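Colleague: Pasting a structure below so you can have a look.
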Amino acid sequence: MNTKKSGSKSSIINIVCLVLLAVGIFAWSRELAGNPGTTNLSEYAPWGLYIALFLFFEALCAGTLFIAALGSNNLPRLKMAVIGTVSGVCAGIAILPDLGSPLTVWRLLFAPNTSAPMILDVWFLGLTVVFGILLILGLSGNKEGLTRLSRIVLPIVTILLPLGTAWLFTTLPGKVGWSSSLEIGVFIAQAALAGLCVLFILQGIAKNVANITSKLVLAFLLINLALIIGEVGQALYSSGIEALPTKALLRGGFAPIFWCQVILGVIIPSILLAMNKSPLIAGVLSLLGVVITKYLFVVKGNIYPFLNIGESLVVPELGAGNEGYLMAPTYVPSGFEWLVGIGVFALGVLLINLLLPRVTNKQVGVINIIQDINQIGVN
Amino acid sequence: MQITRRNFLKGMGAVSAAGALGMALNFPGVNTFASAQEAGVTEKKELKGFCLMCKHSGCCNIVTVENGVVVNVEGDPDYVTNQGTLCARGKSTIMNRYNPYRVKAPMKRTNPEKGLVVDPGWVEISWDEALDTVATKMREVYDNDPREFIYFPGFAMSEFTMYGLGRGNRLPRIVGSPNDSSTKGQFCCIHYGVNMILANTPTATADYRFCKYLLAIGRGGGVNGSYAQGESRGLIYALENGMRLVCVDPHCSTEASLGEWVPILPGSDLPFILALLHVILYELDKYDKDFVRDRTNAPYLIGSDGDYARGASNKPQIWDLAEHKAKDFDDPTLINPAMQGEYQLKEEKVKPAFMLFKESLKDYTPEWASEKCTVPAAAIRQIASDFVASAQIGNTIVVDGHTFPYRPAAAITSRGVTNHLDGDIADVSSKLLNVLIGNIYVPGGLHGTKLGDNLITDPDGVVTPSGEATPCTSFTYPPEHFDLLEFMPHRHSSNTVACQVMIEPEKWNMEIKPKVLMVAGGNPILVNGSPKQGEKAVCSVPFVVSFSYHYDEIAQLSDVILAENCMLENGTFMDYMGNECSLTTGEPGFPGKHVARLYRNAVPAIHNTREANETIIEILDRMGLISKLNESINKAAMCGPRPFSSIPLADKYKLDLNKRYTYEEMWDRTLKTIYGEEYGLDYMKKHGHIRTYNLSDKESYSSYYNNTVRHQLYLQTQKRSGDFLLPKIKETGLDGEEYFGMSWDDLAKHYLPVPEYIETNLHNAPEEYDLYAITIRLHMSFFRLGSLDQNPWVLDWNNRYNPFYNSICVNPIVAEAHAFKEGDIIVAESQFGKTQGKVHITETMHPRAIAIPGALGRYVKSLGEKTSRQTCFNALLNGSLGYCNPIHGGLETTARVKVYKA
Amino acid sequence: MRYGMLIDLSKCIGCAACVMACKVENGTLTGVYWCNVYTKEIGKYPRVKKRTMPSACMHCTNAPCVKACPTGASYHTEEGLVLVDYDKCIGCRVCLNACPYNARHYNFTDQRKNPYYEGMEMTPFEKVKNKNHPIGKAGKCILCKDRLNDGKKPACVQTCPTQCRIFGDLDEPNSEVSIAIRNNGAKPLYAHLGTKPSVYYIGSI
Ligand code: SF4
Ligand code: SF4
Ligand code: SF4
């Protein structure tokens, strides 16, 4: 491997990331300036892409760090610790553009309302990132003490992290799309799947996929599928208003995304894994599945903003209803939101690219991972 | 607040720049508003005033001004009508002050070419120049032939001249012209029936305190207009008190939803009402027989000429069955008046009027009507029987110690009934429904807006019709009224006819041509059934001046614009005549207390605009006519002791003929004349209103004063009018079809003494126009009042939350037939025009009708791009003769249409 | 003391005077309606009815918006009002999601860029009122707290042409509003959610 060449490629990636990050920051500044139309968020879709990204990075962070903390040394623990920790940072960063007054964000840490579930997120995410860093330091500097400490704390906080977020959503009264307890399971399963995918991809790159990893990924894909089927089945058999959001996913404006999630994100990777083919593609698709799942979860809560009084309600701004209940229009992120979202991703890639070569001794950056994927693809 | 010239120039510069850009009046970046803040001073003032964002206008308000900025408008809790409440329109008026499309200074056009899409090339001029120009032009006409001065007042937000300098015609009369035509008239012809049968004006009202069954045909009872001055409250009170509300309407309105909805095909009220009369007379044979015998002209004997057979005394005769002979109607020996039969009077065979009335209704069975109006025959029978049963015929009630007959049922109609080619007949017939149950002017029954002692008994013992129903007694030809008053002596104001005639007055052999047109608070283009006709008419006048608040259609076609204050900036008076939907609200004492003279303390104007009455005085001054104005005021002051009345100024308040007075001084003297020294301008400034009169509850019912006068069941005055007029018209030799849109024989059918069904142009439309289009009232959009179609709050909220706003409403059956989905853009096309808009699919529509709600749509872009693109109902109508009711001049406001996807 | 309101749906005519009154009083941003009225169409032709549903913040005693607010920006006053302290609000919009009544709003846009009159500058009215609506903060019905201090009723209550809203102290059993609630068996919206609203309705919702 030509280190120089990959080094220059790496810096190209860094530059691209920096550019994307700058574009993202610019887009964010437009949003902050209150320019009309910069976001497609509204009072009927107060949360969107940013929260979905937060949930994705959170799942990625929790799952990856859980494995990194508990895994045995024959696993790429350090790489996972870096990726997991950076994901945690990205989760935090993804929230920032969602805040109308980001300058007051310090209040979350220093003047919180401790009875708000969102504060759990702040604490758990903070702890996760801190211990993620400790783990990185421990593993890269061979500081056993730090590694051991993290090994004890991280498994706990990485489980609490998605739980806290799940509680935040499920305890909101009257949000029929979010209130099912099933969602708590989904949060955990998604985190596990995301972590396993990272492991799987790293092993794939190193061309030493452990059989058990592949099986575990498949298992969690199937668990996810089971959860989706469970939710859909419950919705189809129920006639109550609680079932409407899920039904709307099957048929409404979000349906193409829903089916994309099921087919691309779950079924195809499952088949690939079962047939032992293109493991990296399967891994990437599964991760994509997690992203889409999070997006659909976020929007699901606001499809029926009016609850029961939405029956036979007519609000031209919102368009038509389904089964007599008024629905909110399909939320699709605006161009600016995409730019900001991409900026967050770019930041993640940049951080990983900068960190990995420094903490591991060899030149392993994202560039190598991509090169490896290409090679596998060619093979 | 200091008004600096800079601000106007800024505003002005924007206007001409926009003009250059093809009238897309957009001025971003320009300081559109005069600077609001006075450096350093914080000042908060509360001003008492009244609201005029709707025609009913009986609400007093309090305006809060902070540093020159209007920050609040709310109802005045001290006034008995609105009790501190205001409707959405009254609340939203703040935005009118800050409307960027306002005319901010007097303007003159520089482009001699006129047209709705032609840039006028506005140039700001001084008030001096503007007023001189106008006065010079008007003086020229005055010196030549004053009849060539035409005055178009309107209903619009600042309907100043109606309540100000003499009910719309003081100015033209001073100038010496008979030609004034209220632009809104063709949509407001609701007076003829109530003028004739109740001798009241402007409308017939219900009595929510006592009514138990209200049959509302093509009319709202206050809630659909969300009037704050007591009518909405009153209707709700009545419903809570068990009143049944039956709404006969092609659309299930808010009121129909509160009550019972009877869907009806638009424009078929006449057969429906005729069938009700038929059922009552032929099937139920239950009506207030005592009232019909003693309090109507039903027993009067009618000769072969259709008029009252008269005795030696020249009085109408009644056949006394007791003595088998005819007697004077007021003969005290009269015992048993004949209502049926045929009798010999001198050489003549005569019949009681009742017979003729009843016979005329013989064929109008519910089955016959049902085919035409789609209301099931059984429903018609049910309504007739409920109506009569609820009337509690024979019952009495004591109010304030006075015993009245108690008739807690009423049938009310309004524009939905009157605005058809047969609307005059349908409306009058609906009044006869009420006469039959004897509910006229008694608790629970039918009343007129004017309270108290109103009824004048004529020598025939019958109530003298008022206003527009006054029988015609003169005819001049060639006509000198552009609105053909000569041919339509009962017209309200047929502005679209006026426009049609103005284009080619020679066609009607008129000797005069329009020379100067002044428009004030009206819009002859927008409310013309045919906008092109309105445009052409206005452009045919060599000099047009308009009082304009904003750059609307008429401003666009003017030579000079006299910039007008917005409502809040207009310090002015109003003679509030009383609630038009219901006499009572349920609150004891309400009816006698709510009628008042109102005053508005003005908020200082932010632009170089003026109050219009002052401007008119100034013009008259420059014309050298101040003495004529003062003379007119001396003779007939601004108002009299009752609404719609006038008295001479008391001697000590008389105006010096050669001195110029302000509008406020004229009112000051008027009020002092009526109420005494301490009730002048100062009192009004402080209190905002003064009660017109103080009637007790019993005194507010007119029958308290006059319970002997007879009402018309047999429409003798109408017939009399026709008998005079029709031969005169025929003598002109004009062809009815060509000059009047209908044959003279068809016209004669409108002058019959008994109701008769007629087929109209509406029913004869080509078959492809399979649907009937109507407009419906929206709380925040009707009558084109208050510039509500530009008001950003109104627009924004309605677009977001009101599915009926700016839409075309169709029943799901129509939607399915055309594969429309909610929100699709569709076209509604009539024989005369088309409009497009988003479809709202709603079960609240009759399946053969569509509705285009609200008064929306513009023909100019100078009020904003959005406003010009709204769905416009009027575009479907026809404003020419043949589509105007030949009696009251109302436009046929149902259009036959077809719909399709855009 | 707990301020509350009773809305009689059988008297509401959907005129939206209350909506405009709220606009006038609070000068909310373009498109933001703290007080709103929704239209319903119930039934099939010809047995169909239009119904209206006025709605604003219910000033819940057990307010999920207050609970969910991570910084304590949302709070209860002594009179039972639920208010937002703009200084503390970080604009996370969890309260918009927490409120089951859609009573929470958010200042997404800068009023200067989205003024009432499209394409124009802000009216002087907006300029005066705009300071109460900082961008990036959650807003909501404040029960016209300044009017209450002046001894007036909330703007929506005062302006209603059918007087279908009654305002008063729910803790005072003999207040007009308490009596009317009792006599009419009025109920809050979504009582089952346990939010304990201070706004009650007469009539079916
Ligand atoms: S009803 Fe409304 S628009 Fe009419 S006067 Fe009263 S407040 Fe003004
Ligand atoms: S209605 Fe909504 S915003 Fe108001 S207190 Fe209750 S939860 Fe909070
Ligand atoms: S003002 Fe009163 S009647 Fe009108 S919509 Fe509001 S609550 Fe209903």
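Colleague: Show the residue pairs that are 6+ apart or on different chains and have beta-carbon atoms under 8 Å apart, the first residue being within the stretch C:63-86 and within 17 Å of C:Tyr101 (Cα to Cα) and charged (D, E, K, R), the second being part of a loop (DSSP other than H, G, I, E, B) and within 16 Å of ligand 1 (Cβ to nearest atom).
Modeller: As it stands, the answer is none, since no pair meets every condition given.
Colleague: Could you pull out every one of the helices (runs of 4 or more DSSP H) wholly within the stretch A:230-311 that has 1 or more residues that are surrounded by fewer than 15 Cβ atoms within 10 Å (Cβ to Cβ)?
Modeller: It comes to A:244-251, A:255-260, A:268-274.
Colleague: Only residues that are surrounded by fewer than 17 Cβ atoms within 10 Å (Cβ to Cβ) and at the interface with chain C (Cβ under 7 Å from one of its Cβ atoms): list them for the stretch A:100-111, please.
Modeller: Across the stretch A:100-111, the qualifying residue is only A:Ala111.
Colleague: Then there is this: Condition test on B:Tyr714, is it aromatic (Phe, Trp, Tyr) and assigned to a helix (DSSP H, G or I)?
Modeller: no
Colleague: For the stretch B:784-819, enumerate the residues that are away from every other protein chain (no Cβ under 12 Å), in contact (Cβ under 8 Å) with a residue 24 or more places away in the chain and not small (Gly, Ala, Ser).
Modeller: Passing the criteria: B:Arg784, B:Leu785, B:Asp789, B:Ile808, B:His818.
Colleague: Taking the condition of being closer than 27 Å to B:Gly592 by Cα and touching a Pro at 6+ places or on another chain (Cβ under 9 Å), how many residues in the stretch B:61-74 meet it?
Modeller: 1
Colleague: Given the options C:Val84, C:Val66, C:Val32, name the one that is in contact with a His (Cβ under 6 Å, 6 or more places away or on another chain) and away from ligand 1 (no atom under 16 Å from the Cβ).
Modeller: Going through C:Val84, C:Val66, C:Val32 in turn, the sole match is C:Val32.
Colleague: Does the stretch B:233-241 include one or more residues that are at pLDDT 95 or above and assigned to a loop (DSSP other than H, G, I, E, B)?
Modeller: Yes: one or more hits.
Colleague: Go over the candidates A:Ala210, A:Ala206 one by one and state the one that is at pLDDT below 90, surrounded by fewer than 14 Cβ atoms within 10 Å (Cβ to Cβ) and in contact with a helix residue (DSSP H, G or I) (Cβ under 7 Å, 6 or more places away or on another chain).
Modeller: Only one candidate passes the filter, namely A:Ala210.
Colleague: Continuing with the same structure: Residue under question is B:Val69, and the condition is that it be at pLDDT 55 or above and aliphatic (A, V, I, L, M); does it hold?
Modeller: Judged against the criteria, B:Val69 is a match.
Colleague: Given the condition buried (at least 17 other Cβ atoms within 10 Å of the Cβ), free of Cβ contacts under 8 Å to residues at least 60 places away in the same chain, in contact with a Leu (Cβ under 9 Å, 6 or more places away or on another chain) and more than 10 Å from chain C (Cβ to nearest Cβ), answer yes or no: does some residue in the stretch A:137-145 qualify?
Modeller: Yes.
Residue-by-condition table, conditions (1) on the phi < 0 side of the Ramachandran plot; (2) of a type in the set (Phe, Trp, Tyr):
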{"position": "B:Ala275", "(1), (2)": "yes, no"}
{"position": "B:Ile280", "(1), (2)": "yes, no"}
{"position": "B:Glu283", "(1), (2)": "yes, no"}
{"position": "B:Asp288", "(1), (2)": "yes, no"}
{"position": "B:Phe291", "(1), (2)": "yes, yes"}
{"position": "B:Asn297", "(1), (2)": "yes, no"}
{"position": "B:Tyr300", "(1), (2)": "yes, yes"}
{"position": "B:Gly306", "(1), (2)": "no, no"}
{"position": "B:Ala309", "(1), (2)": "yes, no"}
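Colleague: Having 2 or more residues that are within 16 Å of ligand 3 (Cβ to nearest atom), more than 15 Å from C:Ala155 (Cα to Cα) and in contact with a Cys (Cβ under 9 Å, 6 or more places away or on another chain) is the bar; report the strands (runs of 3 or more DSSP E) wholly within the stretch C:1-91 that clear it.
Modeller: Qualifying strands (runs of 3 or more DSSP E): C:47-55.
Colleague: Hey, another quick one. What is the residue count in the stretch B:106-129 for residues that are among the hydrophobic types (A, V, I, L, M, F, W, C) and buried (at least 23 other Cβ atoms within 10 Å of the Cβ)?
Modeller: Residues flagged as among the hydrophobic types (A, V, I, L, M, F, W, C) and buried (at least 23 other Cβ atoms within 10 Å of the Cβ) within the stretch B:106-129 amount to 2.
Colleague: Considering every residue within the stretch C:34-55, establish whether at least one is of a type in the set (S, T, N, Q) and within 15 Å of ligand 2 (Cβ to nearest atom).
Modeller: Yes, the conditions are met somewhere in the stretch C:34-55.
Colleague: Taking A:Val122, is it at pLDDT 90 or above, closer than 16 Å to A:Cys61 by Cβ and away from chain C (no Cβ under 14 Å)?
Modeller: So A:Val122 fails the test.
Colleague: Give me the strands (runs of 3 or more DSSP E) completely within the stretch B:478-597, filtered to those with at least 3 residues that are touching an Asp or Glu at 6+ places or on another chain (Cβ under 8 Å), ordered by residue number.
Modeller: In the stretch B:478-597, the matching strands (runs of 3 or more DSSP E) lie at B:543-548.
Colleague: Across the stretch B:50-74, which residue is farthest from ligand 3 (Cβ to nearest atom) among those that are buried (at least 20 other Cβ atoms within 10 Å of the Cβ) and facing chain C (nearest Cβ under 10 Å)?
Modeller: B:Gly68
Colleague: Could you check, for the stretch B:329-348, whether at least one of its residues is under 19 Å from B:Arg720 (Cβ atoms) and touching a Ser or Thr at 6+ places or on another chain (Cβ under 8 Å)?
Modeller: Yes, the conditions are met somewhere in the stretch B:329-348.
Colleague: A follow-up question, please. If I ask for residues that are within 11 Å of chain C (Cβ to nearest Cβ) and in contact with a Cys (Cβ under 8 Å, 6 or more places away or on another chain), which ones from the stretch B:77-95 would you list?
Modeller: The answer is B:Thr81, B:Asn82, B:Thr85, B:Leu86, B:Cys87, B:Ala88, B:Arg89, B:Gly90, B:Thr93.
Colleague: Also, I was wondering about something else. Go over the candidates B:Ala275, B:Ala256 one by one and state the one that is part of a helix (DSSP H, G or I) and away from every other protein chain (no Cβ under 14 Å).
Modeller: Checking each option against the conditions leaves just B:Ala275.
Colleague: Select from the stretch A:24-44 the residues that are within 15 Å of A:Ile342 (Cα to Cα) and surrounded by fewer than 17 Cβ atoms within 10 Å (Cβ to Cβ) and write down the one among them that is nearest to the other protein chains (Cβ to nearest Cβ).
Modeller: Restricting to residues being within 15 Å of A:Ile342 (Cα to Cα) and surrounded by fewer than 17 Cβ atoms within 10 Å (Cβ to Cβ), the top hit is A:Ser29.
Colleague: Here is a follow-up. Could you list, in sequence order, all residues of the stretch B:667-692 that are in contact with a strand residue (DSSP E or B) (Cβ under 9 Å, 6 or more places away or on another chain), not polar (S, T, N, Q) and not in a strand (DSSP E or B)?
Modeller: The answer is B:Trp667, B:Leu671, B:Ile674, B:Tyr675, B:Tyr679, B:Leu681, B:Tyr683, B:Met684, B:Lys685, B:Lys686, B:His687, B:Gly688.
Colleague: Residue check: is B:Gly225 modelled with pLDDT under 95 and within 12 Å of ligand 1 (Cβ to nearest atom)?
Modeller: The answer is yes for B:Gly225.
Colleague: A follow-up question, please. Please go through the stretch B:82-95 and give me each residue that is more than 8 Å from ligand 1 (Cβ to nearest atom) and either buried (at least 24 other Cβ atoms within 10 Å of the Cβ) or among the small types (Gly, Ala, Ser) (or both), ordered by number.
Modeller: If the condition is that a residue be more than 8 Å from ligand 1 (Cβ to nearest atom) and either buried (at least 24 other Cβ atoms within 10 Å of the Cβ) or among the small types (Gly, Ala, Ser) (or both), then B:Gly84, B:Ser92, B:Ile94, B:Met95 are the ones that fit.
Colleague: Now for a different question. How many residues are within 16 Å of ligand 1 (Cβ to nearest atom) and facing another protein chain (nearest Cβ under 8 Å) if we restrict to the stretch C:6-26?
Modeller: Final tally of qualifying residues: 11.
Colleague: Could I ask something else about it? Can you find, within the stretch C:65-118, the residue that is nearest to the other protein chains (Cβ to nearest Cβ) among those that are among the polar types (S, T, N, Q) and surrounded by fewer than 19 Cβ atoms within 10 Å (Cβ to Cβ)?
Modeller: C:Asn114
The values are calculated or read from the model by the stated rules, or taken from the named source; none is laboratory data. Treat the numbers as computed from the prediction; the structure is a model and nothing was measured. Glycine gets a Cβ as well: all are built from the backbone with ideal geometry, and neighbour counts include every protein chain shown.
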